[in-house]
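The block underneath contains the structure these notes are about, expressed in structure tokens.
Just so it is clear, none of the values below were taken in a lab; they were calculated from the coordinates. Note that this is a predicted model, so its numbers are computed, not measured. For neighbour counting, all protein chains shown are included, and Cβ atoms are generated from backbone atoms with ideal geometry for every residue, glycine included.
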Amino acid sequence: MRCAVIGGGAWGTALANVLGANGHSVALWAREPDVVASVNDARENRRFLAGVCIDERVRATEDMSDAVRGAALVTYAAPSHALRDVAERGAHSVEKDAILLVATKGIERGSLAVMTDVVGEALPGHAVVALSGPTFAAEVAHGQPTAVVAASTNAEAAAVVQRVLSSEVFRVYRHDDVTGVELGGALKNVMAIATGIAEGLELGHNSRAALITRGLAEMTRLGVA
């Protein structure tokens, strides 16, 4: 499949590498000229994902229209605060039947929109899928076993994402609770920071377990609401 990944950071590069390793042709858009040059010339993203050999099927470009043109799957991995602008900039070149995969975690400041809503508003009429889960880019890039969720109200689009991304070490599950998956992906980062603070205060395992357990309960209540 012809794929595009929008965002040349660590996570976008790792996902592009997963797609490339699965046999797909991938155009990776990055705004940084040194990232594009490094990926194309040295097969490495030296700025954001040093030490990882990038699959030959991945090519980098600074031209977003070039990246998305002809792509059946467009993956967005830009930072949450920049996602709306990035999605709007390339919207005119995205194929009409392309599936949009949103790999950005977060809640938009001001609107409180989740990331699939941000992309859906920028590119109406497309099937949109959220990709979330416990994913450190470097671990994914080094082939460590990882499980993620592809969530969408469009079951067929979620199935395509599952098929295209899945490998022996990258397991993709499907779900239709987009809001729950997106909130879980964003809010768990808040709990992770709080857990790090507890560690810095030299609190023990009891405190950490209480924080995580009650944090999960709070996340659940917010998701249901």
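What the table shows:
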{"item": "Inter-part distance where the stretch 81-148 and the stretch 23-47 are each reduced to a Cα centre, Å", "result": "19 Å"}
{"item": "Exposed-loop-free span, longest in the chain, where GluC sites (Glu not before Pro) count as exposed if DSSP calls them loop and at most 11 other C-beta atoms lie within 10 Å", "result": "57-167"}
{"item": "Top of Arg214, Arg69, Arg47 by mean-square fluctuation, Gaussian network on the chain, Cα under 10 Å", "result": "Arg214"}
{"item": "Gaussian network model of the chain, Cα within-10 Å springs - most flexible of Ala16, Ala91, Ala78", "result": "Ala91"}
{"item": "Pairwise FRET efficiency - Leu112 versus Arg47, Cβ, R0 = 22 Å, nearest 0.05", "result": "0.10"}
{"item": "Taking N as its residue count, the alpha carbon Rg of the stretch 181-224 over 2.2 N^0.38 Å", "result": "1.17"}
{"item": "Fraction of beta bridges assigned by DSSP in the stretch 2-176 that are antiparallel (%, nearest 5)", "result": "15 percent"}
{"item": "Extreme residue, positive dipole direction of the chain, given options Val74, Leu165, Gly180 (C-beta unit charges)", "result": "Gly180"}
{"item": "Dimensions in Å of the chain - Rg and Dmax from alpha carbons", "result": "17.6, 54"}
{"item": "Local electrostatic count at Met115 - Lys and Arg +1, Asp and Glu -1, tallied over other residues with Cβ under 10 Å", "result": "-1"}
{"item": "9 Å beta-carbon shell around Ala71, net charge (K/R +1, D/E -1)", "result": "+1"}
{"item": "Relative contact order (%) - criterion: Cα under 8 Å, at least six apart; region: the chain", "result": "16 percent"}
{"item": "Surrounding net charge for Thr146, when Lys and Arg each add one and Asp and Glu each subtract one, Cβ distance under 13 Å", "result": "-1"}
{"item": "The stretch 47-147: radius of gyration and largest Cα-Cα distance (Dmax), Å", "result": "14.4, 40"}
{"item": "GNM result for the chain, Cα springs below 10 Å: residue of Gly185, Gly143, Gly196 fluctuating most strongly", "result": "Gly196"}
